[in-house]
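Engineer: This is the structure, below, for whatever I ask next.
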Amino acid sequence: MTDPVRLPDPVHLAQHLPRPCTLVYRHFGNPEAGQITAKASAICAARGLKFLISCDSGLPPDQKTGVHFPEKSHKAIAGWRVAMPGRVFTAAAHTQQSAQYALSAGADAVFLSPVFDTRCDGACPALGVDRFTSLARSIAGPVYALGGINAKNAALLSGVAAGIAVVSAISA
């Protein structure tokens, strides 16, 4: 996942991510998001990677792009699912209820966070491994772990998370 401070260059990242990674571009209203999206999406398509763009500013995805929904945008998922069948949709979630709502609205998977302490401004308190495990097992759908994940603690989520998402654990 990109972040405007910690991992700001999705184009560079798209060129270097290994397969089968997915690049989620969270642009947070970047005025150049349209140009960045076009470049990063094309690179991901050429390299066989999935590319998702956050729907947080109404930037329309192209034909190759999936959509990531911030927690505040879960109500929009069902409409997007009807308008864009066949696309990959993911959603951010911080609670079981939020995750279940997103999945029932049409998200293919959720990113449950933060699992560990993170440097993200405004992040919720860390869930920890035990709480994450309990929540992930109670959610009827794929749950990816996000938040403070690195090479040392990722193994603690093996067998529980459908996968992991990182920001600071990699450098572009």
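Engineer: How much of the DSSP beta bridge set in the chain is antiparallel, as a percent to the nearest 5?
Structural biologist: DSSP beta bridges in the chain are roughly 5 percent antiparallel.
Engineer: How would you classify the chain from its alpha-carbon gyration tensor, with a ≥ b ≥ c the square roots of the eigenvalues: rounded for a/c under 1.5, else prolate if a/b is greater than b/c, otherwise oblate?
Structural biologist: Oblate shape, in that a/c is at least 1.5 and b/c is the bigger or equal ratio.
Engineer: Which residue fluctuates the most in the chain, going by a Gaussian network model with Cα springs under 10 Å, if the choices are Cys55, Cys44, Cys21?
Structural biologist: So, out of Cys55, Cys44, Cys21, the one fluctuating most is Cys21.
Engineer: Tally Lys/Arg at +1 and Asp/Glu at -1 over every other residue whose Cβ is under 9 Å from the Cβ of Gly148; what's the total?
Structural biologist: 0
Engineer: Sticking with this structure for a sec: Along the range 36-44, what does the Karplus equation 6.51 cos²θ - 1.76 cosθ + 1.60 (θ = phi - 60°) give for ³J(HN,Hα), rounded to whole Hz, x for Gly and Pro?
Structural biologist: Going residue by residue, I get 5, 4, 4, 5, 5, 4, 5, 5, 4 Hz, with x marking Gly and Pro.
Engineer: Here's something else I'd like to know. Using each residue's phi in the range 26-33, evaluate 6.51 cos²θ - 1.76 cosθ + 1.60 at θ = phi - 60° and report the 3J(HN,Hα) Karplus result to the nearest Hz, with x for Gly and Pro.
Structural biologist: Here the 3J(HN,Hα) series is 9, 8, 6, x, 4, x, 9, 4 Hz.
Engineer: If contacts are Cα pairs under 8 angstrom and at least 6 residues apart, what is the relative contact order of the chain in percent?
Structural biologist: For the chain, the relative contact order is 17 percent.
Engineer: Search the structure for amide H atoms under 5 Å from the amide H of His68, placed 1.01 Å from N in the peptide plane, and list their residues when 5 or more places away or on another chain.
Structural biologist: Residues meeting the criterion, in which the H sits 1.01 Å from N, are Ile53, Ser54, Cys55, Thr90.
Engineer: Tell me, what HN-Hα J-couplings in whole Hz come from the Karplus equation 6.51 cos²θ - 1.76 cosθ + 1.60 at θ = phi - 60° for each residue of the range 83-92, using x for Gly and Pro?
Structural biologist: Coupling constants for the range 83-92: 6, 9, x, x, 7, 7, 10, 10, 9, 7 Hz.
Engineer: A follow-up question, please. Ranking Asp108, Asp9, Asp130 by Cβ neighbours within 10 Å, fewest first, what do you get?
Structural biologist: Asp130, Asp9, Asp108
Where a number appears in this text, it was derived from the coordinates with a stated rule and is not lab data. It should be emphasised that the depicted structure is a prediction, and the values quoted were computed from it without experimental measurement. Cβ coordinates were reconstructed from backbone atoms using ideal geometry, including for glycine residues, and neighbour counts include every protein chain displayed.
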